Amino acid sequence: MAIVGVAAVGVGLAMVNTGGSTSDGPDPTWRPAAPGDRPVGGPTAERLAEEYELLDLADPTRTQVRRRADQTVVATLTVGARTAVFAGPRRRFAEPSTTPAVVESTRWVRVAPQAWPPGPHIPESLAHWLLAELQRDGDLPVDVLAAAMQYLPGAPDLRDRHGVRYAGDAGFGYVHSRDERDGADFYDYLEIPWHFPDAGNVKPSGRWGRDLDCSGFLRLVYGYRFGIPLFSQTATTTVDGLPRTAASMAAYARAVVIAAAPSPSRSPTDLSAMQPGDLAFFALHDDPALITHSGIYIGDDADGGMRFVSSRGTVDGPTFGDVRGDGVLDSGYFGKRLRRVIRL
């Protein structure tokens, strides 16, 4: 499967999911003393262990899945996170209207039905999901990264069987002034009402059709498309899902912290643990400690820049381009303003 520009071969609604379940985060007292083979239990988990070796690693606590036949790493699952990275066919992401940068990668990002547990045993349902993902044959369904590309400049409209346009070139919808703060959420882009557990039924405003603000883009991809639970309001305590704003996501979405600022107004110093699909948060306005922007890390470009995709006013919608600031999170305009990285 190759992706050139914003068009993905074989795209569809196979991975669309408007619901999902989560589990509690990792037990903070559990840490592997050293890399070791993870025990498994249950018939499906035992079948998994026959063909694959599961090694527990630290910083962050995660399980690396290797094919026993040749020791090839085929997947990585982080304890406490639903986001999983699989090895797959090489593909190419490009956005020639905004940048000459190209991201080529063999990593595919999927969302598990529950968070990866800290051991010692793998739940049968999760083992079944993992084994099925590892043994996929033929065309692969759209993953998180491919879905994110479906909103870039020039992306074609895609509709589900009910006629809802769930993908296609999105604009940027946000106003931030002294008197008004309002933005386009995922259901504004979809132009459909949505039922939230914390607010009940909410209708699209009609102001932001086909538009997304930065957090609305993340909610559309990870929530509407891949089943992470969504809340209508900001949060003041940890929630199993995505609250409304970038700042609230960074602080209160149940997730694994991958990188954090050493002080409120400084950038993280170590990004080595990042993997595609991680969420990055930035302080772009006058207050250097106030998070106001969010994006999805998609991988390194040919020059080694850590590219991220987000919905921005400079390009009028989702982009990983370089209009008024390089589209990388490890240097330049955004690198200086990066404050936090999490893994859902």
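The values are calculated or read from the model by the stated rules, or taken from the named source; none is laboratory data. Everything quoted here is computed from the prediction, not taken from an experiment. Please note: Cβ atoms are built from the backbone with ideal geometry, for glycine as well, and neighbour counts cover all protein chains shown. In case anyone asks, the SASA skips ligands and DNA or RNA and just uses the protein heavy atoms, side chains included. Shrake-Rupley method; radii C 1.70, N 1.55, O 1.52, S 1.80 Å.
Quick one: order LYS336, LYS203 from most to least accessible surface, probe 1.4 Å.
Working: LYS336 145, LYS203 165 Å².
Correct descending sequence by accessible area is LYS203, LYS336.
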Quiz item: Largest first, what is the accessible-area ranking of VAL341, VAL257, VAL202 with a 1.4 Å probe?
Solution: VAL257, VAL202, VAL341
Quiz item: Considering only protein heavy atoms, what is the solvent-accessible area of GLU51 at a probe of 1.4 Å, reported in Å² to the nearest 10?
Solution: 80
Quiz item: Once the whole set of protein chains is in place, how much accessible area is left on HIS121, using a 1.4 Å probe, in Å² to the nearest 10?
Solution: 110
Quiz item: Roughly what % antiparallel, to the nearest 5, for the DSSP beta bridges in the chain?
Solution: 90
Quiz prompt | the chain - percent relative contact order, Cα under 8 Å, separation 6 or more | solution = 17
Quiz item: Once Lys and Arg get +1 and Asp and Glu get -1 on their Cβ, which of LEU54, SER232, TRP116 lies farthest toward the positive end of the dipole of the chain?
Solution: SER232
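Is it possible to state the helix-based mean residue ellipticity at 222 nm for the chain, with each DSSP H run of 4+ residues giving -39500 (n - 2.57), the sum divided by total residues, to the nearest 500 deg cm²/dmol? What is it? Mind showing how you got there, number by number?
Numbers: 7 runs with 49 residues, N = 344.
Helix-only estimate at 222 nm: -3500 deg cm²/dmol.
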Quiz item: Per-residue HN-Hα couplings for the stretch 288-298, Karplus 6.51 cos²θ - 1.76 cosθ + 1.60 at θ = phi - 60°, whole Hz, x for Gly and Pro?
Solution: x, 9, 9, 6, 10, 8, 8, x, 10, 6, 10
Self-check item: Debye log10 I(q)/I(0) for the stretch 220-344, one point scatterer per Cα, at q = 0.11, 0.15, 0.16 Å⁻¹
Solution: -0.34, -0.65, -0.74
Quiz item: Once a ≥ b ≥ c are taken as the square roots of the eigenvalues of the Cα gyration tensor of the stretch 34-177, is the result rounded (a/c under 1.5), prolate (a/b larger than b/c) or oblate (a/b not larger than b/c)?
Solution: prolate
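Run the dipole for the chain about the Cα centre, Lys and Arg Cβ at +1, Asp and Glu Cβ at -1, nothing else charged, and hand back the magnitude in debye, nearest 20.
160
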Practice problem: Once you have the Kirkwood Rh of the stretch 197-262 from its Cα pairs, apply Stokes-Einstein at 20 °C and 1.002 mPa s and quote D in µm²/s. | Solution: 168
Practice problem: Send over the semi-axes of the stretch 124-264's equivalent ellipsoid, whole angstrom and largest first, taken as the square roots of 5 times the C-alpha gyration tensor eigenvalues. | Solution: 26, 22, 15
Quiz item: Convex hull over the Cα atoms of the chain, averaged projected area in nm²?
Solution: 17.3
Exercise. Express in Å², to the nearest 10, the accessible area of THR269 obtained by rolling a 1.4 Å probe over the protein heavy atoms while all chains stay in place.
Key: 120
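So for the stretch 124-278, averaging the separation of alpha carbon pairs under 8 Å that are six or more residues apart and normalising by length, what relative contact order in percent results? Walk me through the intermediate numbers first.
On the way: 218 pairs, mean separation 21.6, N = 155.
Computed value for the stretch 124-278: 14 percent relative contact order.
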Exercise. On a 0 to 90° scale, report how tilted helix 124-134 is relative to the longest principal axis of the chain, with both axes built from alpha carbons and the result rounded to the nearest 10.
Key: 80
Exercise. For the stretch 192-344, calculate the relative contact order in percent as a whole number, restricting contacts to Cα pairs under 8 Å that are 6 or more residues apart.
Key: 23
Exercise. Would you pull out the residues with amide H under 5 Å of LEU242's amide H, same chain only if 5 or more places away, H placed 1.01 Å from N?
Key: LEU230, PHE231
Quiz item: Quick one: of the DSSP bridges fully inside the stretch 207-344, what percent are antiparallel, nearest 5?
Solution: 90
